[in-house]
Amino acid sequence: MGIKRKDLLGLQNVTKQEIELILQTADSLKEIMNRDIKKVPTLRGRTVVTLFYEPSTRTRTSFELAGKFMSADTSSLSVATSSVVKGETLIDTGKTLDAMATDIVIIRHSAAGAPALLAKTMKARVINAGDGYHEHPTQALLDMLTMKQHLGKIEGLKVAIVGDIAHSRVARSNFWGLTTMGADVVLCGPPTLIPRDLTKAGAKIVLNMDEAVKDADVVMMLRVQLERQQKGLFPSIREYSQFYGLNKERLSLAKANALVMHPGPMNRGIEITSDIADSVQSVIEEQVTNGVAVRMALLYLMGGGVSDASASA
Amino acid sequence: MPQLLLKNCQIVDPAAKKEYFSDILIIENKIRTIARDLQPGPDTKVIDLQGKIVAPGFIDIHVHLREPGDEDKETIATGTMAAARGGFTSVVAMPNTKPAIDNEAAVEYIKCKALSDGIIEVLPCAAITKGRKGEEISEYGILKKAGAVALSDDGDPVANPEVMRRAMEYSLLVNLPIISHCEDKNLAGGGAMHEGYYSTILGLKGIPCLAEDVQVARDIALAEYTGAKLHIAHISTAGSVELVRTAKKKGIRVTAEAAPHHFALTDAEVVGYNTNTKVNPPLRSEEHVKAIIEAILDGTIDAIASDHAPHTVENKNVEYDYASFGISGIETSVAAALDVLYHQKKMPLIDLISRYTTGPASVLGLDYQGLEPGRTANLTILDLEQIKRVDVNSFASKGKNNPFHGREFKGWPVMTIYQGKVVVGN
């Protein structure tokens, strides 16, 4: 049992079987988090390093806790993006971590492809925790786990992903993962925030949010970066929230029990109203819990956990 | 006096528009006789070129020799050696050096260095504006007197259309071509690759074809209005090719060059984030590549130029966003063209050779030397059937940044004769 690929850089080329294995494993490991003593010995003696070139609190903490719950030794390396210009190259940092006998490196980087570069030059296994606008595979996995737990399946679900698609690695990873799992994905956002030629990848793009949300099983809102407005990609926050914000009225167009999701951190009152974010349909906090479970599963499957791991879990 | 006899040459000479079999006798640096069955004297060196193509020396009108200023990337010595190995006997050296070639002393420096260190001829191109800043035009009269053959701010566009207008107008004084690097920096928006399907799935910021098209349209309008000689550097989009085609029909003085990577590679190569595919203008999508090939075939594109841009390993062995733009391409230019254009697209050989000879010469307004007795003996010799894999480790260039590494090409330059001397080949 385990994942054969050395690294997890994205979901674009990950098979349905692999995704199912990760989700099943996460589902069973999640229980550890409810225990009184949240620790199993599965990854004792394994070293996991988080290497973050971009500020992040939740993803990094999620990975670190996942590692600690499984008894891996976790360590973190923060690198200010500014030092990239003068400082050590990514390849050298990778070699250094290899030399310290690291088993798994979790990397977040503002430059798309940075995890691929690291993976190519390192012996350790590499997990992408988000690179530029490219991919954020663990986010999509935790989103799929949440959908599966609530709706029983992924295949056939209509999932509307709404917001800044162009600059979103969450949207891309979800698009690939959900499509592989047989969901019907609709991407929605202002025309200036839809990347070029996405339809060539088979994506369905809808500019009108009402239309995108109609009959959806899942409405996934993306965080809008306020600096995009300053770059002239949309006219104002006011207009954005009127046309691409999720409120009660819009949500009523979706299926009655539709899930509301958001990768966080939220801009309350901009892409999502507070009443919706805190409503019974919202599974936003559960996404965070499932994030730890999915990361435990990946560390287990990629960390070469001992064979009785599932028993001890 | 040294004598060199080339036996059994299959001569392809676009200058004379002739293809024929003959021997060539070279005495010192000049072609003495072109005739069949020439007999060597006692001191004549004889080379049998049976099965090889002999053409007038190739010109690459877009080369970054990096000297002065970036000698860690390339020097005139290594760059001209690389050029000779690529089959070239002349190169135009771009002026984006440190300092820029914008005064006669700098032009003089290039010429002196070329004489002392160079393997082949180096023709200096001078900057359109002082310091390549796009603000004040440089001294074209003095620069031409010093030996500049063209004007370009290559690497950067002249953003201000008023400055470009005055540059074009003033260039009429010297009748030198303005080589324009057409890129609207606002539209290019700091992108790293062609904007399209692959930039979307790779999550890299895209450079739309518009960034080129808009500037080509502007410069053609300026050329029409001023009557200046405009040359579009490294043309890469279907839109700009169409603009040039239409402009030529209208009689506007515009020419264009394309680089091998823009007809032999697509943006699909960027998958995997190999930074050797990072170049400006970027590798384009299929439909643009098709348009470039078509324009080379129909003559809309006058010249094939490598845009040879060597970089250090340190410039390239980084994240894609941080890597330098550029391909060290002078040693693969002719092989890529022979493989893709001659073998695959069935371009007539004489036309293909013209894109390396009479085409670039006419861009520069040079009196082009075809193969005739009395002419300087600059010759490029090709083996159309040789099949070889590109190996950057065998490059003479300091720059090993070439995305063709590992690719097999059919047809290679095998010998270069410059001023009667075999500088590359047996």
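The values are calculated or read from the model by the stated rules, or taken from the named source; none is laboratory data. What you see is a predicted model, and the numbers here were worked out from it, not measured in a lab. Ideal geometry is used to build each Cβ from the backbone, glycine not excepted, and the neighbour counts take in all protein chains shown. Ligands, DNA and RNA are excluded from the accessible area calculation, which covers all protein heavy atoms including side chains. Shrake-Rupley method; radii C 1.70, N 1.55, O 1.52, S 1.80 Å.
A few remarks follow.
- Label zone at residue A:91, where the point sits 7 Å out along the Cα-to-Cβ direction: the stretch B:269-292 residues whose backbone N lies under 13 Å: B:274-276
- Here the stretch B:164-238 is assigned +1 on the Cβ of each Lys and Arg and -1 on the Cβ of each Asp and Glu. Its dipole about the Cα centre then comes out at about 180 debye.
- For the pair residue B:186 and residue B:290, label points projected 7 Å from Cα toward Cβ lie 3.3 nm apart.
- Set of lysines with alpha-carbon distance to residue A:6 below 21 Å, sequence-local pairs under 8 removed: A:16, A:95, A:120, A:123
- Partner lysines for residue B:345 [C-alpha distance under 22 Å; skip if fewer than 8 residues away on the same chain]: B:17, B:18, B:52, B:290, B:388, B:410
- Carbon/sulfur fraction of accessible area - the protein assembly as shown, other protein chains in place, 1.4 Å, %: 50 percent
- Degrees between helix A:58-69 axis and first principal axis of chain A (Cα, 0 to 90, nearest 10): 40 degrees
- Close amide-amide hydrogen proximity is noted between residue B:424 and B:416, each under 5 Å apart and 5 or more residues distant or on a separate chain (H modeled in the peptide plane; Pro and chain starts excluded).
- Whole-Hz ³J(HN,Hα) from phi, Karplus 6.51 cos²θ - 1.76 cosθ + 1.60, for the stretch A:205-211, glycine and proline x: 10, 10, 8, 8, 5, 4, 5
- Global form of the protein assembly as shown, assessed from the alpha-carbon gyration tensor, a/c cut-off 1.5: prolate
- Between residue A:226 and residue A:274, the contour length at 0.36 nm per residue exceeds the alpha carbon distance by 15.5 nm.
- Whole-number accessible area per residue in Å² for the stretch B:166-288, which is evaluated in the context of all protein chains at 1.4 Å: 31 Å²
- With the Kirkwood sum run over all distinct C-alpha pairs, chain B has a hydrodynamic radius of 21.5 Å.
- Rg/Rh (Cα only; Kirkwood hydrodynamic radius) as it applies to the stretch B:60-183: 0.97
- Accessible area buried between chains B and A, both sides summed, probe 1.4 Å, in Å² to nearest 100: 1700 Å²
- Each residue of the stretch A:288-304 was assigned a 3J(HN,Hα) from its phi angle through the Karplus expression (A = 6.51, B = -1.76, C = 1.60, θ = phi - 60°), giving 5, 4, 5, x, 5, 4, 5, 6, 4, 4, 5, 5, 5, 5, 9, x, x Hz with x at Gly and Pro.
- Using a simple spin-label model with pseudo-atoms 7 Å out from Cα toward Cβ, residue B:98 and residue A:196 lie 3.1 nm apart.
- Overall, the protein assembly as shown carries a charge dipole of about 760 debye about its Cα centre when +1 sits on the Cβ of Lys and Arg and -1 on the Cβ of Asp and Glu, all other atoms neutral.
- Computed accessible area, residue B:165, all protein chains, 1.4 angstrom probe, square angstrom: 60 Å²
- Taking amide H atoms as placed 1.01 Å from N in the peptide plane, the amide H of residue A:194 lies under 5 Å from those of A:166, each 5 or more residues away in sequence or on another chain.
- Distance (nanometres) between label positions extended 7 Å along Cα→Cβ at residue A:78 and residue A:243: 3.8 nm
- At least 20 Å² accessible surface lost relative to isolated chain, residues of the stretch A:127-148 (1.4 Å probe): A:133, A:134
- The stretch B:52-122 and the stretch B:205-277: distance between their alpha carbon centers, rounded to Å: 24 Å
- Distances between placed amide hydrogens fall under 5 Å for residue B:33 paired with B:25, all partners being 5 or more residues away or on another chain.
- Potential lengthening of the chain between residue A:286 and residue A:13 amounts to 95.6 nm, from the contour at 0.36 nm per residue minus the alpha-carbon distance.
- Here the ratio of the Cα radius of gyration of the stretch B:259-394 to 2.2 N^0.38 Å is 1.15.
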